[in-house]
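> Mind looking over this structure? Questions follow.
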Amino acid sequence: MTVIAITGAAGWLGGILADALVADGRTPDLSFILADIVEPKEVKGHKSVCMKADLTDASEIERIYTTDAGIPDVIYCLHGIMSRGSEDNFDLGLKVNIDSIRLMLQAARRHSEGRTPIKFIFTSSLAVYGGPLPEVVTPSTIATPEGAYGMGKLTSELLVNEFTRRGFVDGRIIRLPTITVRPGVPSAATSAFISGIIREPLKGIEAVCPVGSSIDSPELELAAWLASPEVTIKNFVQVMHVPAEKFLKHTRVVCLPGFTATVREELQALEKVAGPDALKLVTFRDDPTNRRIVSSWPARFDNSYPLSLGFSVDEGGMVPIVERFKKAVDAGLA
Ligand SMILES: NC(=O)c1ccc[n+]([C@@H]2O[C@H](COP(=O)([O-])OP(=O)(O)OC[C@H]3O[C@@H](n4cnc5c(N)ncnc54)[C@H](O)[C@@H]3O)[C@@H](O)[C@H]2O)c1
């Protein structure tokens, strides 16, 4: 039996991860511990313990280790305050994105004593980057964030790396590209519009693009580093299967593979898949704060290291992603 704990399990990615781990089939006998400040849903057909817990509190974290399921072999540490959320509420960002991760690591360290160290999988973001960047980001590019979210993620990455170096946990850090198209309602992420300008028009709803003031604005050349939800969740499963010795010696950070698209290319894909009427549903209201933060993130990475670890990449850019999302909308699934 492999016990997997997922924090942030009531969130978007946490809510689809357990099913993906089951569907993958590489680990046949799974049980789950799902924790979130909002009551998570159980995993159908599998043993799952669901707990409503504020993971900024050490005693609440301890509950993860005292269920009938036993000590987790793997922890997917996904809970967090998203980019705009932690920029707007700095203290909450510090508490959840740093303090709570340190408490989570200390608990995993204590419960790893005398056994195989717990695999501690931490989801980070390309928001750790900022300042002058090379044309293409590689594993040796230094991260200098320009926002509270990226700073919080980078601080916690350092902790995960250090706990791993000391043998307290078997840490794995994945920096995610911006995931597009995110279903549901807009998130409190600065990058939420990158999904919104596709999702809302495909549902026949107006979307506001905070970059540029019209379809002809030069600001639409703003490029982003993207991955689809399907490929991202596949990579979430893969990260627990990478043999520890395959990671670089000095860091457990892996930038998941992605591809580059400009806001203009996204809108072109929308028009190609759903026609000019869908494009007309996008209105432009330039938001300099939003644009500044998203512009500070890199848009081109070298995929060779993550591909060598068995991670996957989207093929074909935005058009197949918009097509898949349209199919889901048409089928009433998104
Ligand atoms: N979605 C993306 O494009 C993206 C990109 C980069 C990184 N990430 C990272 O991936 C992870 C999952 O992202 P998501 O899109 O599913 O986010 P989400 O906002 O949907 O989920 C986050 C969850 O964390 C929970 N949470 C917040 N504070 C908590 C607390 N104190 N105690 C317990 N739970 C708490 C929330 O209730 C929520 O369910 C996050 O760490 C995020 O930073 C996501």
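> For the range 10-33, give me each residue that is out of contact with any helix residue (DSSP H, G or I) (no Cβ under 7 Å at 6 or more places or on another chain), aliphatic (A, V, I, L, M) and more than 9 Å from the ligand (Cβ to nearest atom).
Answer for the range 10-33, where residues must be out of contact with any helix residue (DSSP H, G or I) (no Cβ under 7 Å at 6 or more places or on another chain), aliphatic (A, V, I, L, M) and more than 9 Å from the ligand (Cβ to nearest atom): Ala18, Val22, Ala23.
> Same structure again: Look through Val263, Val253 and report the one residue that is among the hydrophobic types (A, V, I, L, M, F, W, C), within 13 Å of Thr178 (Cα to Cα) and touching a strand residue (DSSP E or B) at 6+ places or on another chain (Cβ under 9 Å).
Among Val263, Val253, only Val263 is among the hydrophobic types (A, V, I, L, M, F, W, C), within 13 Å of Thr178 (Cα to Cα) and touching a strand residue (DSSP E or B) at 6+ places or on another chain (Cβ under 9 Å).
> A further question on this structure: Is it true that Val160 is more than 16 Å from the ligand (Cβ to nearest atom), in contact (Cβ under 8 Å) with a residue 40 or more places away in the chain and farther than 20 Å from Arg84 by Cα?
When the stated conditions are applied, Val160 does not pass them.
> Please specify each residue of the range 214-233 satisfying the condition of being outside any strand (DSSP E or B) and in contact with a Phe, Trp or Tyr (Cβ under 8 Å, 6 or more places away or on another chain).
Ser214, Ile215, Ser217
> If Thr66 meets every condition in (1) closer than 22 Å to Asp170 by Cα; (2) touching a residue at least 12 places away in the same chain (Cβ under 8 Å) apart from one, which number is that one?
Only one criterion is unmet by Thr66, namely (2).
> Would you pick out the residues in the range 68-107 that are of a type in the set (D, E, K, R) and more than 8 Å from the ligand (Cβ to nearest atom)?
If the condition is that a residue be of a type in the set (D, E, K, R) and more than 8 Å from the ligand (Cβ to nearest atom), then Asp68, Asp73, Arg84, Glu87, Asp88, Asp91, Asp99, Arg102 are the ones that fit.
> Right, here's the next one. What residue, of Thr7, Thr56, is within 16 Å of the ligand (Cβ to nearest atom), modelled with pLDDT of 95 or more and more than 19 Å from the chain's Cα centre (by Cα)?
Going through Thr7, Thr56 in turn, the sole match is Thr56.
> Could you give every pair whose Cβ atoms fall below 8 Å, whose first residue belongs to the range 123-143 and is more than 11 Å from Arg300 (Cβ to Cβ), and whose second residue is more than 16 Å from the ligand (Cβ to nearest atom) and not in a loop (DSSP other than H, G, I, E, B), counting only separations of at least 6 or pairs across chains?
Pro139/Tyr305
> Read through the list (1) touching a strand residue (DSSP E or B) at 6+ places or on another chain (Cβ under 7 Å); (2) farther than 20 Å from Asn235 by Cα, then give the number of the only condition that Asp91 fails.
All conditions are met except number (1).
> Further question on the same structure: Tell me which residues, restricted to the range 247-287, are over 26 Å from the mean Cα position of the chain (by Cα) and not in a helix (DSSP H, G or I).
Passing the criteria: Gly275, Leu281, Thr283, Phe284, Arg285.
The values are calculated or read from the model by the stated rules, or taken from the named source; none is laboratory data. No experiment lies behind these values; they were computed from the predicted model shown. Here Cβ is always computed from backbone atoms with ideal geometry, including for glycine, and neighbour counts include all displayed protein chains.
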